[in-house]
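Structure first, then comments.
The values are calculated or read from the model by the stated rules, or taken from the named source; none is laboratory data. What you see is a predicted model, and the numbers here were worked out from it, not measured in a lab. Cβ sites come from the backbone with ideal geometry, for glycine too, and all protein chains shown count toward neighbours.
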Amino acid sequence: MTKLKLHKSTIDQLYELKKSKRVVLEGNILKIIDTDSDAVLKQYVDEAIEDGKAKQRQRLEITRQIQTQNKELIEAQEENERIQEQLRQTLLQVDSARHKALNDLDVLQKRTQFQLINLIVKISLIIIIGVGVTTTVLYMVALFADRDTQIIGSTWSNMFGILLTNAFSIIGTIMGVKYASEKPAK
């Protein structure tokens, strides 16, 4: 293989570049420069080869670090995706449980309201029937006792009218409260 012979001015320029700008030759060209005739050029080439090897090792180390970091980032991304999927599943379960709890609460409230309405209606009916029976018994006693029943008769008639009106009023109020407390359909 033929060696490349450099002129003295070229060698001086190479040294000047190395001193002023820290720029040296790199790569395979260093292998073919004839350094036999100039000891300073041999030192320059040897240092350039060592610098090239050091830079190569440094680049290789940086490449390894980047590959390691990329691997860690990929693993972290996969872990994030797994955690996000778990969160989605958990959110779906929580939303389902919330809907079920709201439905159970609604059923419980309606059952409690229904029981309360039943109790109010029963007590109202007992009072209405009790007053009606009492008034009817008094009216019948007055009839059998051969007493004047004109006042008791009109009172009895008015009492039944009032009792019926109040009964319908109570039922209407209960039904109004029941429908007003229901949630509108979505």
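I want to confirm something. Restricting to the range 19-35 and keeping residues that are of a type in the set (A, V, I, L, M) and within 17 Å of residue 2 (Cα to Cα), which single residue is surrounded by the most Cβ atoms within 10 Å (Cβ to Cβ)?
By that ranking, first place goes to 33.
Being in a helix (DSSP H, G or I), without any contact (Cβ under 8 Å) to a residue 24 or more places away in the chain and closer than 15 Å to residue 47 by Cβ is the filter here; which residues of the range 22-34 pass it?
Matches in the range 22-34: 30, 31.
Say we look at the range 1-18 and pick out the residues that are part of a helix (DSSP H, G or I) and of a type in the set (Ser, Thr, Tyr); which of these is surrounded by the fewest Cβ atoms within 10 Å (Cβ to Cβ)?
9
In the range 36-58, what residues are under 30 Å from residue 2 (Cβ atoms), charged (D, E, K, R) and either part of a helix (DSSP H, G or I) or at pLDDT 95 or above (or both)? It would help to see each step written out before you state the result.
Here is the first cut: in the range 36-58, the ones under 30 Å from residue 2 (Cβ atoms) are 36-56.
Now restrict to residues that are charged (D, E, K, R): 36, 38, 42, 46-47, 50-51, 53, 55.
Of everything in the range 36-58, those that are under 30 Å from residue 2 (Cβ atoms), charged (D, E, K, R) and either part of a helix (DSSP H, G or I) or at pLDDT 95 or above (or both) turn out to be 42, 46, 47, 50, 51, 53, 55.
Any residue at all in the range 78-96 that is of a type in the set (Gly, Ala, Ser), free of Cβ contacts under 8 Å to residues at least 40 places away in the same chain, exposed (fewer than 12 other Cβ atoms within 10 Å of the Cβ) and more than 30 Å from residue 159 (Cβ to Cβ)?
Yes: the range 78-96 contains one or more residues that are of a type in the set (Gly, Ala, Ser), free of Cβ contacts under 8 Å to residues at least 40 places away in the same chain, exposed (fewer than 12 other Cβ atoms within 10 Å of the Cβ) and more than 30 Å from residue 159 (Cβ to Cβ).
What pairs can you find where one residue is in the range 161-172 and under 15 Å from residue 123 (Cα atoms) and in contact (Cβ under 8 Å) with a residue 12 or more places away in the chain, the other is hydroxyl-bearing (Ser, Thr, Tyr) and not in a helix (DSSP H, G or I), and their Cβ atoms are less than 8 Å apart, with a gap of 6+ or different chains?
Between residues of the range 161-172 that are under 15 Å from residue 123 (Cα atoms) and in contact (Cβ under 8 Å) with a residue 12 or more places away in the chain and residues that are hydroxyl-bearing (Ser, Thr, Tyr) and not in a helix (DSSP H, G or I), there is no close pair.
Results for (1) farther than 30 Å from residue 179 by Cα; (2) at pLDDT 80 or above; (3) assigned to a helix (DSSP H, G or I), shown as yes or no for each residue.
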position	(1), (2), (3)
80	yes, yes, yes
109	no, yes, yes
124	no, no, yes
131	no, no, yes
148	yes, no, no
160	no, no, yes
